[in-house]
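The values are calculated or read from the model by the stated rules, or taken from the named source; none is laboratory data. Predicted model only: the values in this text are computed from it and were never measured. Using ideal geometry, Cβ is built from the backbone for each residue, glycine included, and neighbour counts are taken over all protein chains shown. The protein model used for the area step is the full one, side chains on, heavy atoms only, and it has no ligands, DNA or RNA in it. Shrake-Rupley method; radii C 1.70, N 1.55, O 1.52, S 1.80 Å.
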Amino acid sequence: LGLGGCLADDMGLGKTPTTLAHLVSIPGPHLVVCPLSVVRNWQTEAARFTPMMRVLVHHGATRTHAAEFAHAVAAHDLVITTYQVATRDLDSLHAVEWSMVVLDEAQAVKNPDTHTSRAMRSIKAEQHIALTGTPVENRLSELWSIFQVVAPGLLGNMAQFRRQFVVPIEKDHDLAATHELRRLTGPFLL
């Protein structure tokens, strides 16, 4: 249906291969944004589980820039980059019509006011998927921030979300509000 979602499994339970299986079934190009520490993992897992996908790693001083970037993407199915590079090369990323954007280690966008979060929300695609072992580490606003990328507007704006969920759940331990939040996010949170 093109709806986004959040795959929230613990580390080591197969979020990357599961996502690759989804990506290979949909025409690209696809963009994976992740920390530098897992770029190589994405590259290795793609070669292992989806060897038919043409992979481009967009990182480093010799990476493709500006007009050449769209041409390079056209020759690949999957582009892997880091949050830092994606934020820096936002104009190049905006020039591509992405089929899917995957945010791995999506806790990188848990603060909605950071430059990185705003940049990731601005990348247009037919579908956005967030991968994280911890969709809520410290406060419910982190969940709202992730959902603003994968299902914008589903949880309302931040003021509405605070009023309807944060205050009742975090301060009052309101079970009805907790149930309603689970009902809303359940279809999009695996």
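Quick notes on this one:
- Conditions (1) within 19 Å of residue 7 (Cα to Cα); (2) out of contact with any His (no Cβ under 6 Å at 6 or more places or on another chain); number of the one not met by residue 101: (2)
- Residues considered: 170, 97. Of these, the only one that is more than 15 Å from the chain's Cα centre (by Cα) and within 12 Å of residue 31 (Cβ to Cβ) is 97.
- Selection over segment 181-190 of residues that are modelled with pLDDT of 85 or more and either over 14 Å from residue 144 (Cα atoms) or not in a helix (DSSP H, G or I) (or both) gives a count of 1.
- Residues satisfying the stated conditions in segment 58-94, i.e. in a helix (DSSP H, G or I), among the hydroxyl-bearing types (Ser, Thr, Tyr) and either over 12 Å from residue 39 (Cβ atoms) or modelled with pLDDT under 90 (or both): 87, 92
- Scanning segment 95-123 for residues that are within 20 Å of residue 143 (Cα to Cα), in a loop (DSSP other than H, G, I, E, B) and open to solvent by less than 30 Å² (accessible area, probe 1.4 Å) gives 112, 123.
- Neighbours by Cβ (under 6 Å, 6+ apart or cross-chain): first from segment 94-119, within 25 Å of residue 18 (Cα to Cα); second part of a strand (DSSP E or B) and among the acidic types (Asp, Glu): 99/126
- Near pairs, Cβ below 8 angstrom, 6+ apart or cross-chain, from segment 70-92 (without any contact (Cβ under 8 Å) to a residue 40 or more places away in the chain) to any residue that is small (Gly, Ala, Ser) and assigned to a loop (DSSP other than H, G, I, E, B): 70/95
- Pick from segment 18-52, criterion in contact with a His (Cβ under 8 Å, 6 or more places away or on another chain) and hydrophobic (A, V, I, L, M, F, W, C), ranking: most open to solvent (accessible area, probe 1.4 Å): 36
- Residue ID - least open to solvent (accessible area, probe 1.4 Å), chosen from residues in segment 124-175 that are part of a loop (DSSP other than H, G, I, E, B) and free of Cβ contacts under 8 Å to residues at least 24 places away in the same chain: 156
- Tally of residues being open to solvent by 80 Å² or more (accessible area, probe 1.4 Å) and either of a type in the set (Val, Ile, Thr) or under 20 Å from the mean Cα position of the chain (by Cα) (or both) across segment 55-75: 1
- Contacts under 6 angstrom Cβ, first residue in segment 28-47 being free of Cβ contacts under 8 Å to residues at least 12 places away in the same chain, partner surrounded by 22 or more Cβ atoms within 10 Å (Cβ to Cβ), 6 or more apart: none
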